[in-house]
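Below: the structure, in structure tokens.
Laboratory data are not the source of any read-out in this text; all were calculated from the coordinates shown. Treat the numbers as computed from the prediction; the structure is a model and nothing was measured. A quick note on method: Cβ atoms are made from the backbone with ideal geometry, for glycine too, and the neighbour counts reach across all protein chains shown.
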Amino acid sequence: MNDNNSVATEEVQPTAEQPSYAAEDRESTISVEAGDRDRLAKEKSELQELLQRRQAEFENYRRRVERERSELFEYAATDTVKTLLPILDDFERALKVETADKEYARGMELIYNRLFESLRKLGLEPLSTEGALFNPHEHHAVDMVDTKEHPDQSILEEYQRGYKFKGRLLRPAMLKVAVNQ
């Protein structure tokens, strides 16, 4: 039994007829491993770049969604305020009419002021046209009058008041504008 054990543990030495491939195998294994290492390193760097790009894209997406969400909340009342503008216009026209009943006129004025202040707290701002020049970004020229008495592009009359809501134009002012030709 000892003979079997000794045979099993003995290393077979190559003879002249059996060349040794162990050194060549180790060199080829090392060169294959180096090639694999280079390929794996390249794949790793490509995957890291891809991951960084995806993280940046996701971060940009998250910021855009957050910005859109905050704008949605900020400007959610825009449509509601826009539907109330004709009511403000009606109040303004009603307040311009002379009436014999001063208490009724005072009550209308109080309701108008209360509504206007509530809308102002939400972010409604009237456009000022008094003494201003025509601005096509905020005004709509309904009537253009050729005159030498007023400077060119000066506002002569306001037909309908314009408004901004939280800094954005909600409705342009409808105006009569002087034109010098």
Filter on Lys82/Lys121; Lys96/Lys164; Lys82/Lys102 - keep pairs with C-alpha separation over 20 Å: Lys96/Lys164; Lys82/Lys102
Low-density loop positions, trypsin sites (Lys or Arg not before Pro), segment 129-168 - DSSP coil, at most 10 other Cβ in 10 Å: Lys148
Per-residue ³J(HN,Hα) for segment 154-164, Karplus 6.51 cos²θ - 1.76 cosθ + 1.60, θ = phi - 60°, Hz, x for Gly and Pro: 7, 8, 8, 8, 9, 7, 9, 5, x, 9, 10
Cα-only radius of gyration and Dmax that characterise segment 95-181, units Å: 16.0, 48
About the Cα centre, charge dipole magnitude for segment 54-181 (Lys/Arg +1, Asp/Glu -1 at Cβ), debye: 700
Phi to ³J(HN,Hα) by Karplus 6.51 cos²θ - 1.76 cosθ + 1.60 over segment 49-55, Hz, x for Gly, Pro: 5, 4, 4, 5, 5, 5, 5
